[in-house]
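**Student:** A single structure is presented below for examination.
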Amino acid sequence: GILLRFGMQAFTSLQANLLLCGSMLAVWLLCKAWLPRFAVVAALLTGSAVAGLSGEVTMSQINFSIVAPSWIAPEFTPALLISVGIPFFLVTMASQNAPGFATLQASGYRVPASTLIVATGGLALLLSPFGVYSICIAAITAAICQSPEAHPDPQKRWLAAAAAGVFYLLAGIFGGSITSLMSALPIAWVQMLAGLALLGT
């Protein structure tokens, strides 16, 4: 369900912005046939070029900034642990772990569900005071990193997840710049790119 919604948004955006989304889809289809590992990157670059040339990029919203880490002392409140912790646990299990396991199994991976739940839960418990509170079997990340485009050898696709972790760190440092860039680009570009990235999963 959570993955289907992103995929359907791509076709909704195609109707709303035919030139931008149509060019992205066409390049994606061509690269999918000849260079499948670079299909999403090619669609990203094509969409950026078309949006820029057609004047759909709001350049005034783009600014470069680096976010420095800042210490926030954790506070433990029993009422907050119940009112936020339990719903957050249920949402994580239903919208992240369950679809994540389903996509892994659909790709042929036989994963020990109980072991992974205990491991991710234990890490989240240890690292949550430092802001790392959402360690789980991420549905969207798992769907992208386990696809053949990540690596032809299924035993080496973990490299895609490791690379994603590095980019997450960079996204945290340059979060302000990335947010301003996403705001400057048309929403159809974002929806189309997300849909194409998940379409093969």
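The values are calculated or read from the model by the stated rules, or taken from the named source; none is laboratory data. Fair warning: this is a prediction, and the values are worked out from it, not measured in the lab. Cβ placement follows ideal geometry from the backbone for every residue including glycine, while neighbour counts extend to all protein chains displayed.
**Student:** Provide a single number: the residues in the range 167-182 that are part of a helix (DSSP H, G or I), of a type in the set (A, V, I, L, M, F, W, C) and touching a residue at least 12 places away in the same chain (Cβ under 8 Å).
**Tutor:** Total meeting the criteria: 2.
Here's the yes/no breakdown for (1) modelled with pLDDT of 85 or more; (2) out of contact with any His (no Cβ under 7 Å at 6 or more places or on another chain):
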residue	(1), (2)
I144	no, yes
S147	no, yes
Q155	yes, yes
L159	yes, no
V166	yes, yes
I173	yes, yes
S183	no, yes
A188	yes, yes
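**Student:** Right, here's the next one. Scan the range 7-46 for residues that are touching a Cys at 6+ places or on another chain (Cβ under 7 Å) and either of a type in the set (V, I, T) or in the same structural domain as P148 (by the TED database) (or both) and jot them down.
**Tutor:** none
**Student:** Can you tell me which of A10, A51, A79 is modelled with pLDDT of 80 or more, surrounded by 12 or more Cβ atoms within 10 Å (Cβ to Cβ) and not aromatic (F, W, Y)? First the steps, then the outcome.
**Tutor:** On the way: A10 fails: modelled with pLDDT of 80 or more; A79 fails: surrounded by 12 or more Cβ atoms within 10 Å (Cβ to Cβ).
Going through A10, A51, A79 in turn, the sole match is A51.
**Student:** Can you tell me which residue among V50, V57, V67 is under 18 Å from G195 (Cβ atoms) and either in contact with a helix residue (DSSP H, G or I) (Cβ under 8 Å, 6 or more places away or on another chain) or assigned to a helix (DSSP H, G or I) (or both)?
**Tutor:** Numbers: V57 fails: under 18 Å from G195 (Cβ atoms); V67 fails: under 18 Å from G195 (Cβ atoms).
Unique residue meeting the criteria: V50.
**Student:** Next up: Yes or no: the range 1-15 includes at least one residue that is among the basic types (K, R) and touching a residue at least 40 places away in the same chain (Cβ under 8 Å).
**Tutor:** Start the filter on the range 1-15 by keeping residues that are among the basic types (K, R), which leaves 5.
Pick out the ones that are also touching a residue at least 40 places away in the same chain (Cβ under 8 Å) and you get none.
No, the range 1-15 contains no residue that is among the basic types (K, R) and touching a residue at least 40 places away in the same chain (Cβ under 8 Å).
**Student:** Could you list all residues from the range 121-146 that are polar (S, T, N, Q) and under 13 Å from T92 (Cβ atoms)? Steps first, please.
**Tutor:** Going residue by residue through the range 121-146, those that are polar (S, T, N, Q) are 128, 134, 141, 146.
Of everything in the range 121-146, those that are polar (S, T, N, Q) and under 13 Å from T92 (Cβ atoms) turn out to be S128, S134.
**Student:** Scan A26, A43 and give me the residue that is buried (at least 17 other Cβ atoms within 10 Å of the Cβ) and either of a type in the set (A, V, I, L, M) or in contact with a Phe, Trp or Tyr (Cβ under 9 Å, 6 or more places away or on another chain) (or both).
**Tutor:** A43
**Student:** I need every pair where a residue in the range 145-166 that is on the phi < 0 side of the Ramachandran plot has its Cβ under 7 Å from the Cβ of a residue that is among the basic types (K, R) and not in a loop (DSSP other than H, G, I, E, B), sequence separation at least 6 or different chains.
**Tutor:** Qualifying pairs under 7 Å: E149/R37.
**Student:** Please find, within the range 151-196, the residue that is surrounded by the most Cβ atoms within 10 Å (Cβ to Cβ) out of those that are closer than 24 Å to L104 by Cα, small (G, A, S) and in contact with a Phe, Trp or Tyr (Cβ under 8 Å, 6 or more places away or on another chain).
**Tutor:** Filtering the range 151-196 for residues that are closer than 24 Å to L104 by Cα, small (G, A, S) and in contact with a Phe, Trp or Tyr (Cβ under 8 Å, 6 or more places away or on another chain), the one surrounded by the most Cβ atoms within 10 Å (Cβ to Cβ) comes out as G195.
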